[in-house]
1. When you scan region 112-123, do you find a residue that is assigned to a loop (DSSP other than H, G, I, E, B) and within 20 Å of the chain's Cα centre (by Cα), even just one?
2. Check off (1) farther than 27 Å from Ser88 by Cβ; (2) not assigned by TED's automatic domain parsing to the domain that holds Glu80 for His145 and give me the number that stays unchecked.
3. Looking only at residues in region 7-41 that are assigned to a helix (DSSP H, G or I) and touching a Lys or Arg at 6+ places or on another chain (Cβ under 8 Å), which one is nearest to Val89 (Cα to Cα)?
4. Mind checking whether some residue in region 152-163 is surrounded by 17 or more Cβ atoms within 10 Å (Cβ to Cβ), under 19 Å from the mean Cα position of the chain (by Cα) and not in a strand (DSSP E or B)?
5. Residues in region 92-110: is at least one within 22 Å of Glu30 (Cβ to Cβ), in contact with a helix residue (DSSP H, G or I) (Cβ under 9 Å, 6 or more places away or on another chain), in a helix (DSSP H, G or I) and hydroxyl-bearing (Ser, Thr, Tyr)?
6. For the list (1) more than 18 Å from Ala225 (Cα to Cα); (2) surrounded by 15 or more Cβ atoms within 10 Å (Cβ to Cβ); (3) of a type in the set (D, E, K, R), I need the number of the one condition that Asp246 fails.
7. Return a yes/no flag: does region 301-308 have any residue that is among the small types (Gly, Ala, Ser), touching a residue at least 40 places away in the same chain (Cβ under 8 Å) and surrounded by 21 or more Cβ atoms within 10 Å (Cβ to Cβ).
8. Keeping to region 75-91, report how many residues are in contact with a Phe, Trp or Tyr (Cβ under 7 Å, 6 or more places away or on another chain), more than 26 Å from Asp129 (Cβ to Cβ) and in a helix (DSSP H, G or I).
Amino acid sequence: MNLEEYKGVFIYAQQVDNQIDNIAFELLGEAKKLAEPLNTQVTAVLIGYNIKDKADQLAEYGADRVIVVDDPELEVYRTEPYTHALASVINEFKPDIVLVGATAIGRDLGPSVSARVATGLTADCTSLDIGDFPLQPREGVEQKHNQLLMTRPAFGGNTIATIACPDNRPQMSTVRPGVMQKIAPIKGAKAEVIEYNPGFEKNNKYVEIQDVVKIISETVDIQKAKILVSGGRGMGSPENFKILEDLAAAIGGEVSCSRAVVDAGWKPKDLQVGQTGKTVRPQVYFAIGISGAIQHVAGMEESDFIIAINKDETAPIFEVADYGIVGDLNKIVPKLTALIKEAKANA
């Protein structure tokens, strides 16, 4: 493999029902950051049916080029045709880096494509950078430059691993949604659009979709919330989350939780914040009854404003909080809710 042939940062622009998912814009923002030290361009790969008109939207969020793979076989996501489409793009255009969102689709597509093009894949990354690998020079080991350094939680979130793929191309990773930041859209931006179709011949890996059943989730998307009221093990019981729900309702926020709460069966995993949950960036984050383990902090430390309430004054959460209140949450939270309601009534 001639590594010098591989150039550019590519992202898979996931779309469902011809609507581009937010993860595509997040990946474009990160791709622009990675492309700068490499002095290369950013390419979005858009796969689907009748989706060419979405190219301009990707350009507004940072794509210099959009490769469109449009075919009736791609109308609904299926592993084999989508794998064939993206793997064919990689083999034809030879990108240096390929980023895929760690969504339900991306977690299926990414490994399938990496196996097809015979390269490695680092899954569920929370940080990406360009640098030297090995990170520190070692005697007898060549330190290679301009490598994609992919950081992800490992061993159940108890440690952080930085991984590289120095001997194969492309360097591939799936990236956790909500971690990377999209750029402000550049209205009227245009990208070079390339239409590419490798041809699709059905084989024994093609599944036939009989029906698509859409279910409306009963839980909110905490990654879109501007205010989050998050509870941890310190809440004591699932019934005590009622006081957090009251606070969230009063302030116009949503309730989330820590991993300990999910493990105890008090709340669904969709509401979990942290390395093994979701990464959030609300304007205000209440951490109530949460000790502040590194796994949880990694999922919320980019919040604009963090307020912690905990009876333990030595809890690590106070190290990242903008404001901290030491005391009994069962007394503090209801009183805070009452004061907010009173202020709104007098406004």
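1. The answer is yes; a qualifying residue exists.
2. Unmet condition: (2).
3. Going residue by residue through region 7-41, those that are assigned to a helix (DSSP H, G or I) are 22-38.
From the residues that got through so far, the ones that are touching a Lys or Arg at 6+ places or on another chain (Cβ under 8 Å) too are 22, 25-26, 28-29.
Details: Asn22: 22, Phe25: 20, Glu26: 21, Leu28: 18, Gly29: 21 Å.
Applying the filter and picking the extreme gives Leu28.
4. yes
5. No, that holds for no residue.
6. (1)
7. Taking region 301-308 first, the residues among the small types (Gly, Ala, Ser) are 303, 308.
Of the ones still in play, those that are also touching a residue at least 40 places away in the same chain (Cβ under 8 Å) are 303.
Now narrow it down to the ones that are surrounded by 21 or more Cβ atoms within 10 Å (Cβ to Cβ): 303.
The answer is yes; a qualifying residue exists.
8. Qualifying residue count for the region: 3.
The values are calculated or read from the model by the stated rules, or taken from the named source; none is laboratory data. Everything quoted here is computed from the prediction, not taken from an experiment. For neighbour counting, all protein chains shown are included, and Cβ atoms are generated from backbone atoms with ideal geometry for every residue, glycine included.
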